[in-house]
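Just so it is clear, none of the values below were taken in a lab; they were calculated from the coordinates. What you are looking at is a predicted structure, and each value in this text was computed from that prediction instead of being measured. Here the Cβ positions follow ideal geometry from the backbone for every residue, glycine too, while neighbour counts run over all protein chains shown.
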Amino acid sequence: MIGSLGTSHGIGGIGMPNQVTINLYDETGQLRSWRDIEREVIKHAIADLKSMTLVAKRLGIGRSTLYRKMGEYGEAESPGGE
């Protein structure tokens, strides 16, 4: 798949397979910023895993880093109050 990152097994790799496509280019054909791509990856990971601990672990970052990034991106709510 050119221009996108995809997975057929969800971010967690467990449970029902999910199809997630992250576009590397915007609608005008310009490469999106890493910040935009990272925000989308974090958003999908949270929706898929529903656990901040698992999200941080799967993304290879600390929970405090995950929460900091969520704050930067305006995604301050965590699923399940974790």
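Here are the numbers for this structure:
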item	result
Packing rank of 46-54, 62-70, 21-29, where each peptide gets the mean count of other beta carbons within 10 Å, highest leading	46-54, 62-70, 21-29
Net length gained if the chain between E40 and Q19 were fully extended (0.36 nm per residue, minus Cα distance)	6.2 nm
Net +/- balance of residues flanking N23 in space, Cβ distance below 10 Å, scoring K and R +1, D and E -1	-3
Environment charge of E40, counting only residues whose C-beta is closer than 13 Å and scoring Lys/Arg +1, Asp/Glu -1	0
Computed label-point distance, nm, for sites Y67 and R32 using a 7 Å Cα→Cβ extension	2.7 nm
